[in-house]
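The values are calculated or read from the model by the stated rules, or taken from the named source; none is laboratory data. Everything numeric in this text was worked out from a predicted model, so none of it was measured. Because the Cβ atoms are built from the backbone with ideal geometry, glycine has one as well, and the counts that use them run over all protein chains shown.
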Amino acid sequence: MHARSAAPSRDPGLPDARGPRAEPPWSAHAALIEASRCLYCFNAPCSRACPAGVDVAEFIRSIRTGALRSAARLVLSANALGETCGCVCPTEMLCVGECVLGAIDGQQPIAIGRLQRFALHWARSRRLRLFEAAPPSGKQIALIGAGPASLACAHELVRLGHQPVLLECAESPGGLNRTAIAPHKMDTDLPLAEAEWLVGFGAQVRYGVRVGVDVPFAELERDYDAIFIGVGLGPDRKLGVPREEAEGVMGAIELLHRIKSGDFVRPPAWERVLVVGGGNSAIDAARTLKEIGTPEVILVYRRNEEQMKGYPHEWLAAKMAGVTASFLTQPVEVLAKEGRARGLRCIRMTLGDADESGRLRPVPVPESESELAGDAVVVAIGQADPQELLPGLPEDIRIAGGRIVVSPETGVTSRPDYFAGGDCTNGGAEVVNAAAEGLRAARAIDHYLSGKGN
């Protein structure tokens, strides 16, 4: 499977305020032109800004000299999800944001994400095997879930000579990387093809298996030498207000999943949709609703624009697509008529002292309720705790704040034979973070297994 072509590619390095697009990979000629612009900085700041530690300057140098296999190996050794990350990483906030060319008048920073995608697409499309596995250790590791963290962990475990077995409740790999990333960033074909390529290096996958239901944890502990948890997060959180069960109220993750799977056509009655939240999922849902033809989309957020958790460049792209906002607005009730959503009753907010996150705390203004009309409500205020996905999880695995507690250096949990990474531990970071955490956990598992003997 290969990524589906979409909008024409823009010129190398040209900024696009609309944000990333689901574009086809660059041609070799375009990649060579862009790679030739790189200064190949010593101790490159772009590499230091990458959560996975990709050697950016060196892989770009390899593209420049025609050593494409070397370029792909450099990326894949640090980030098994390098092709996906080339599409969806917020590079403006990471590597591209640190490119020294961006500080030079008249220069654009290197399009690092596009070059990374080019190198990995070149290797994957040729089905190249870029690494040789170490001699078999005879050890088997169960990986719960087949999303980015588990795929990255499995890839590294194979390189280290161990046998990873991914246990996935769905019928295909990729997790939210496949189902819930906005279509304008990436379609479903690429993460499926990337996952298939990675699994083909030597991992095993069992689909349609829900750990804790179909397979108890006690059985995993008996049959495997270590366990990695990479399940992501649970379903969309509810607002917790009256009548949110009304028709026309749904979560942002559910909406994006249905749109990407082809299971959703915008109802003609959805002329004005209210999207509750101020993070990247809310922005993605709002922008996607505009792109599928919704005449009016309003972001409803309890803080102001400056306090939004979503990336500024993503919000700018959404505004350019036509999304508007009602800031300092907190829903307190879903308005419904004959069982269908007709808007929100909201209360006005003001900002008080800083909370534990460092942002100003929203405080209700007394007697300030008003109604905001809408034909549907999309809720994007986060996802439920991972315990919902892990019935029967051993009680001695520590959970705090709805997240599995791990050592940030190794991914080990409060039990030495259990490891974890990705959204279930970081609360919902980027794909590149999940990939980095999966790789770190694989190396820690290897260290743990080496102390167990044969």
Filter segment 161-215 down to residues that are more than 30 Å from Pro136 (Cα to Cα) and among the basic types (Lys, Arg) and give me whichever is modelled with the lowest pLDDT. Arg178
Would you please list the contacts, defined by Cβ atoms under 6 Å and residues six or more apart or on different chains, that run from a residue in segment 185-206 that is closer than 24 Å to Leu256 by Cβ and not assigned by TED's automatic domain parsing to the domain that holds Ala146 to a residue that is surrounded by fewer than 22 Cβ atoms within 10 Å (Cβ to Cβ) and not small (Gly, Ala, Ser)? none
So which of Glu92, Glu83 ends up being over 22 Å from Arg159 (Cα atoms) and part of a helix (DSSP H, G or I)? Glu92
Within segment 134-170, track down each residue that is in a loop (DSSP other than H, G, I, E, B) and of a type outside the set (Gly, Ala, Ser). Pro135, Pro136, Lys139, Leu160, His162, Cys169
Can you name the residue in segment 58-115 that is among the acidic types (Asp, Glu) and modelled with pLDDT under 95 and, of all such residues, is nearest to Ser47 (Cα to Cα)? Glu92
So, Leu255, is that one outside the structural domain of Phe419 (by TED's automatic domain parsing), farther than 22 Å from Ala444 by Cα and assigned to a loop (DSSP other than H, G, I, E, B) or not? no
Would you confirm whether any residue within segment 316-326 is surrounded by fewer than 19 Cβ atoms within 10 Å (Cβ to Cβ), out of contact with any Ser or Thr (no Cβ under 6 Å at 6 or more places or on another chain) and of a type in the set (Val, Ile, Thr)? yes
Which ones in segment 247-291 are in contact with a strand residue (DSSP E or B) (Cβ under 6 Å, 6 or more places away or on another chain) and among the basic types (Lys, Arg)? Arg272, Lys290
Give the residue, chosen from Ile104, Ile112, Ile144, that is in contact (Cβ under 8 Å) with a residue 60 or more places away in the chain, more than 30 Å from Phe264 (Cα to Cα) and β-branched (Val, Ile, Thr). Ile112
Flagged pairs (Cβ under 8 angstrom, 6 or more apart or on separate chains; first in segment 392-408, free of Cβ contacts under 8 Å to residues at least 24 places away in the same chain; second basic (Lys, Arg) and part of a loop (DSSP other than H, G, I, E, B)) are Asp396/Arg415; Ile397/Arg415; Val405/Arg398
I want to confirm something. Restricting to segment 157-196 and keeping residues that are of a type in the set (D, E, K, R) and under 21 Å from Val88 (Cβ atoms), which single residue is surrounded by the fewest Cβ atoms within 10 Å (Cβ to Cβ)? Asp189
Taking segment 100-156 and keeping residues buried (at least 17 other Cβ atoms within 10 Å of the Cβ), out of contact with any strand residue (DSSP E or B) (no Cβ under 8 Å at 6 or more places or on another chain) and of a type in the set (D, E, K, R) leaves Arg114, Arg117, Arg124, Glu156
Are any residues in segment 411-432 out of contact with any strand residue (DSSP E or B) (no Cβ under 8 Å at 6 or more places or on another chain) and either surrounded by fewer than 21 Cβ atoms within 10 Å (Cβ to Cβ) or not in a helix (DSSP H, G or I) (or both), and if so, which ones? Ser414, Arg415, Pro416, Gly422, Ala429, Glu430
In segment 249-278, what residues are closer than 15 Å to Ala376 by Cα, free of Cβ contacts under 8 Å to residues at least 40 places away in the same chain and either under 20 Å from the mean Cα position of the chain (by Cα) or surrounded by 18 or more Cβ atoms within 10 Å (Cβ to Cβ) (or both)? Glu254
